[in-house]
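Take a look at the structure below.
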Amino acid sequence: MSAQAQMDPAVVVVREVARTTIAQSGHELAGASVLRGLPNTDVESIGPFVFLDHLRLVKPSSGLAAHPHAGIEVISYLMEGGARHSDSLGNASEVGAGGMQFISAGGGILHEEMPILSAAGRAHAIQLWTRLPLSAQYGVPCYELISPAEVPVLRLEQGELRLLGGEWWGDVLGQGTSVRRGPLPVARGCRLAHLSLHAGQKIVLPVPEHEELGVYVIEGSLALGDFGTHLGLHSLTVLTSGTALQFANVSDQLAEILILGGSPIEEPLVFGGPFVYDTSRAVQQAYENFRQGRMGRLSGVPF
């Protein structure tokens, strides 16, 4: 379906709730409180996304020590504070609020992350994993720093939309029929955006009809769709098919959400700690590759 058809009011189908869960607390990671949205008992993936952690830090932390990944892409999106990255390829960088770190782990990479607290003494981030296509799951790993300046930010009457990945269009964005694209180089393609919606405001965003899409509520709460279904704080919701997303902030505070998804994953998903493949044998081989140093070494790991 073309962008023009997506915006034709005669064919608008507003997406509603297919199923919803609440991100689970109880995780503690290097001094940070962590809410896990994906995977969970009801939802294994949304589009290419197979993992979502929501992290907050309000005290100094030792960060995440050197550890491996394979078979996936790792996205760290900073909303407050920053992060310092280094990896077994020799990359070292820092990113601040509004920026992202992107790793295509391929056949294996080691990395470590150190949070950088804001002036208010906090750090706030979302980490996501996407499943690499089978053709790329043993590929050469790589790293990319995406600075805040590279992320398109659409400042609207209703709030703000940060375009992290995929194509977005429509009059509601103040862009006419032109297409704006987020910078994430996800191999399968994706749709990822951070929407901040002011109190009392409503917004409609055109989207491809059959993409698998979901919503994670970062802050506040809001109403979804024509039926005004309530989405509470830290809820993760899988949406029905349709040509538009409709959100209304009926509260008296700012609502912030992450919109995520894309084409659904067709192959099996086998999770093995920091590795995700299509078979248990592949996960076992990844552990062996890590132990033998075939994914490289970083800060004395593996010992």
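For the reader, a short list of remarks on this structure follows.
- Condition check for V58: over 17 Å from R297 (Cα atoms), surrounded by fewer than 16 Cβ atoms within 10 Å (Cβ to Cβ) and in contact (Cβ under 8 Å) with a residue 60 or more places away in the chain: yes
- Any hit, segment 131-142, residues being farther than 27 Å from F290 by Cα and without any contact (Cβ under 8 Å) to a residue 60 or more places away in the chain: no
- Residue that is farthest from P133 (Cα to Cα), among those in segment 263-303 that are touching a Leu at 6+ places or on another chain (Cβ under 7 Å) and crowded, with 20+ Cβ neighbours inside 10 Å: L298
- The single condition from (1) under 20 Å from P141 (Cα atoms); (2) touching a Lys or Arg at 6+ places or on another chain (Cβ under 6 Å) that M114 fails is (1).
- Flag if L254 is crowded, with 19+ Cβ neighbours inside 10 Å, in contact with an Asp or Glu (Cβ under 8 Å, 6 or more places away or on another chain) and in contact (Cβ under 8 Å) with a residue 12 or more places away in the chain: no
- Checked against the criterion of being free of Cβ contacts under 8 Å to residues at least 60 places away in the same chain, buried (at least 21 other Cβ atoms within 10 Å of the Cβ) and of a type in the set (A, V, I, L, M), the candidates L260, L239, L231, L222 yield just one match: L222.
- Qualifying residue in segment 113-120 (condition: in contact with an Asp or Glu (Cβ under 9 Å, 6 or more places away or on another chain) and surrounded by 22 or more Cβ atoms within 10 Å (Cβ to Cβ)): no
- Count of residues meeting criterion [closer than 26 Å to L163 by Cα and at pLDDT below 95] in segment 62-80: 0
- Test: residue in segment 204-215 that is in contact (Cβ under 8 Å) with a residue 60 or more places away in the chain, in contact with a Cys (Cβ under 9 Å, 6 or more places away or on another chain) and not charged (D, E, K, R): no
- Of all the residues in segment 33-55, those that are aliphatic (A, V, I, L, M) and free of Cβ contacts under 8 Å to residues at least 24 places away in the same chain number 1.
- Residue check, G98 part of a loop (DSSP other than H, G, I, E, B), of a type in the set (G, A, S), crowded, with 16+ Cβ neighbours inside 10 Å and touching a residue at least 60 places away in the same chain (Cβ under 8 Å): yes
- Beta carbons closer than 9 Å, at least 6 apart along the sequence or on distinct chains, pair a first residue in segment 286-303 that is charged (D, E, K, R) with a second that is at pLDDT 95 or above and part of a strand (DSSP E or B) for R297/L110.
The values are calculated or read from the model by the stated rules, or taken from the named source; none is laboratory data. Small disclaimer: the values here were computed from a predicted structure and weren't measured. Counting neighbours? That spans all protein chains shown, and the Cβs are built from the backbone with ideal geometry, glycine included.
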